[in-house]
Structure formats: C-alpha cells, structure tokens
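Worksheet: the structure to be examined is printed underneath.
The values are calculated or read from the model by the stated rules, or taken from the named source; none is laboratory data. These figures come from a predicted structure and were not determined experimentally. Virtual Cβ from ideal backbone geometry, glycine too; neighbours counted across all protein chains shown.
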Amino acid sequence: MGSHRGRLVLATTILGSSIALLDGTVVNVALPTIGKDLDADLAGLQWVVNGYALTLSALILLGGSLGDRYGRARIYAIGVGGFGLSSIACALSPTIGALVGARIVQGVFAALLVPGSLAILQASLRPKDRMAAIGAWTGLLGVATASGPLVGGWLVAIDWTWAFWINVPLCIAVVALTLTVVPESRNPAAVKGFDVAGVILAVVALAGLTYALTVAPDNPGPVALGAGVAAVLAAVGFVLVERRSPHAMVPPSLFRDRVFTTINLVTLLVYAGLSASMLFLVLFLQTVAGWSALAAGAATLPVSAMMLALASRFGTLATKHGPSRYMVGGTLVAAAGFTLLALAPRDPSFVVNILPGTLLMGLGLSMLVAPLTGTVLAAAPDELAGIASGVNNAVSRTAGLLAVAALPPLVGLSGSDYAQPDSMAPAYRLAMLVCAALLVGGAALTALGLRPRQPECAPAPQAQAHPQPPAR
C-alpha cells in the first residue's frame, strides 16, 4: 500500500466506486426537481432510484464472478466505461420513462464495476495492508456518498441533467488509470459456464418484489399480488438452482462460514436503514423545512468529514482488537443519530437540530463500515474475492432497493405526498425511527453472531476464518 503503484491502485478503485455511489446520492437530491420537470409522481421517482438499484442488485453477483473468470481489471474497466455512456443517456432523457430505462442500463454497468474495486484491492495488496486499504477505501467512499447531496444540490441549481453529465469525464479518467496501473488478477480455478438460470431468477425475484411494493399502495389488486407471488417463487428457485448448479454465481460453501453469513445479514439491516434515512432527510429538508437543494445537501457534510477523518483509523483498530466491538458500537451510535434527526422540528436549526444527528451518524459509520467490509471479504478465500464482494454488494444494494420501495408506503406516503409538507413531516419522523430500529437490530445480530476477539479481520492462514464486506 505504501508503494507508488499501490497508492494508484487504491485511488483507481476509490474513484471508480465513488462514481457509482455519488450518482445515487446526487440523484436523490435531484428527485424533487426531476419530478417537476418531467411531471412524475412518487412511483415514477421511486423507479428512478429503484430501476438503477434493481439491475445493480440482481447482476452484481454476475459482475463479481465475471471478474474472477475473465480478469478483474478488465471487467472493472468495461463497467466504468459503460456507466459513463449510460450516464449520457440519462442526461438526455426527455421523459420519466426514458430516464428510468437509462437508469436500468446504468445499473447493469454498475454491477460490473462495483464488486471489482474491492476484489482488486484484495487480490493486489499484501495481506497485512488490506484492512488499512479497506479503511481508506471506505472512508473516502463514505465521503463521496455523503457528499452526494451537497454536490447534487449544487448541480441541481444549474440543471438536474448535470447530475449525470458529471460522470462522463470521471469515467474516462478511471478507465485510463485502470488500463495503465491496475494489475490483472483472476481466479484460475473458476468454472467457465454461466449461471443463466440464476441470473434470470435473481432479476425476476427482485423486480417482482420491487414492483409489488411500489404499486400496491396505490393500485392493490391481482397485478401487485401476482408480482409478489412471482418474486417469492423466483427467490425459492434461485436458492435451489444455486445449490445444484456446477457453476453457481453464489457458491453455497460461502454461507457455511458463520462469520460470512452473519455479516451479510448485518449488512442487510444497516444499509436498509442508511439508504432510506439519507433519502428521507434530503426530502424533509427541502419539502418541509423549505431549504434549497444545495442547503439540504450541505447539511450532510458532517457525515463526510467524520468518515474522512476516522474510517481508516477504525479499520486499523479493528485489525488489532477484532471487529465486533466497533461494529456494535458503530451501529448503536448511528442509530442514536437517526433518532436525533427524527426529532427535528418543521423549521429546524442546522446547529441545534441537524448537526448533532449527522455527527453521530458520521461517527457511527466510521466505526462500522471498514470493520464490516474487511470482515466479510476476509471470511472468503482469496480466489473467491470477486464473488464474496459481489454477494456483499448485492446484499447492501438489495437492502437499499427494498427500503426505498417499502418504506414510503409503510409510513403513509404515496402519489405526490412527497411534495406536501403536511404529509411529509410525520412520514419523515416515523421513517427515521424505523431506520434507527434497523440499526439496533444490526447491533444485536453482530453481538450474537461474532465473538469479540475472533481473528476475522486478520488474514487467515488456512480455510477456516477469513475477513471482509460491501460497497456502497
């Protein structure tokens, strides 16, 4: 990690992943403006978010396995390049339907680049440098994610299409760096077949569930019910296919490791809460408090600052002392931040009502993300680094996808309610408390599933306990 090339590899993986993560948070801030310009209701805006998250979640496992087979750097470069091209299509979209379609394509290419970044670090750096590198990766990626609302607010003030145009030069730079400085790596033992049935079933399961959750509140009936039933059947079929397939996208052996299974369940809870909370916060500040998009985005900067300053440090501490204490503490601190934000009045003061909550959120995420990511990746053999990264990324993205689809109707939002202060204010408070409860559940699961001083975060010398986690 201390070499010139090592630092360039780290920078390349951070920049590429940042593009995908920044795009999601930037788009969240732009949603109210997109809704006005393209005459979209809440369901249309949900699909701007969920169309991208759907293909990313469903295909990210395939992206990880493709990198293991055909070269992680090669697949990473293809994903970044395609992401840039599909961003152009998003920026040029004349209708909400066209924008959703372009976002679906964008998610396909994101599924190639997201798992590749962590797999490249795992395969390229010395074992003793990996946790520190992951700490730097998560810290700077957290900055990109949390800076998204600020960047988005600034871009929306110009034109919402710039939320997509900004990706293009960044993608060109990442492709150039990948082709020149990233060492190629692959799993020589990877099977050559494709798990076509697994891919189709994963897409059907996630698409059906997302569609059912999105349309059922306004149009309950046989169509929504049918989509939900199809999703359940496809999910069961996916599990059966993966258990029997000779070239499964998700080798069942990964989930025989207790640490790997536990951390992925924790990831599901944590990222559901995180994704939904960031969406509801920026909507509340714009719709209820009347802040501009730029001001609402700037309110999340303390999260970025805390993660930039502390994430790498907590990654190093987790290597020395074990990840459990930091993961439990981090989820509880972040949950306390969500609770404080839920108590904000309709005309909040940034210093009194918003800053304390965002500082706690940033501190909690700084404590949590690097140990979580390092532990889940290290729980898999190095030759399965791409698949392990893909699984954890799929879990985190699926969590965000389902939270964004399910939470608005759960807290009473539908149609154009997102633009009505009287509807948005109580829905926001309830949503933030639900997010806090999800993180408390993650803390409890971590405490039960991980023993405090197990060596999950240290490189495992044999096929027993190995450390690592997700993307964002």
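For segment 180-206, filtered to residues that are in a helix (DSSP H, G or I) and out of contact with any helix residue (DSSP H, G or I) (no Cβ under 6 Å at 6 or more places or on another chain), the residue that is modelled with the highest pLDDT is Thr180. In this structure, Val100 does not satisfy being assigned to a helix (DSSP H, G or I), under 27 Å from Ala173 (Cβ atoms) and either out of contact with any Ser or Thr (no Cβ under 6 Å at 6 or more places or on another chain) or in the same structural domain as Trp160 (by TED's automatic domain parsing) (or both). Taking first residues from segment 309-338 that are in a helix (DSSP H, G or I) and partners that are at pLDDT below 80 and among the acidic types (Asp, Glu), no Cβ contact under 7 Å between residues at least 6 apart in sequence or on separate chains turns up. Filtered by the rule that a residue be charged (D, E, K, R) and either in a loop (DSSP other than H, G, I, E, B) or over 25 Å from Ala136 (Cα atoms) (or both), segment 1-51 gives Lys36, Asp37, Asp39, Asp41. Of the residues making up segment 356-367, those that are of a type in the set (Gly, Ala, Ser) and either at pLDDT below 90 or out of contact with any helix residue (DSSP H, G or I) (no Cβ under 7 Å at 6 or more places or on another chain) (or both) are Gly362, Ser366.
Taken together, the residues in segment 147-174 that are more than 25 Å from Leu359 (Cβ to Cβ), of a type outside the set (Gly, Ala, Ser), touching a residue at least 60 places away in the same chain (Cβ under 8 Å) and surrounded by fewer than 22 Cβ atoms within 10 Å (Cβ to Cβ) amount to 7.
For segment 245-264, which residues satisfy the criterion of being under 15 Å from Thr373 (Cβ atoms) and either of a type outside the set (Phe, Trp, Tyr) or not in a helix (DSSP H, G or I) (or both)? Selection gives Val259, Thr262, Ile263, Asn264. Report yes if some residue within segment 340-355 is in contact with a helix residue (DSSP H, G or I) (Cβ under 8 Å, 6 or more places away or on another chain), part of a helix (DSSP H, G or I) and within 16 Å of Val270 (Cβ to Cβ); otherwise report no. Within segment 340-355 (the criterion being in contact with a helix residue (DSSP H, G or I) (Cβ under 8 Å, 6 or more places away or on another chain), part of a helix (DSSP H, G or I) and within 16 Å of Val270 (Cβ to Cβ)), the answer is no, since none of the residues qualifies. Kindly evaluate Leu233 against the criterion of being assigned to a helix (DSSP H, G or I) and at pLDDT 85 or above. Answer is yes for this residue.
Within segment 12-28, residues that are closer than 14 Å to Ala163 by Cα reach partners that are of a type in the set (Ser, Thr, Tyr) and at pLDDT below 80 with beta carbons closer than 6 Å, at six or more positions or on different chains, in the pairs Leu21/Thr145; Thr25/Thr145. For the condition of a type in the set (A, V, I, L, M), within 16 Å of Cys171 (Cα to Cα) and modelled with pLDDT of 80 or more, Ile34 does not qualify.
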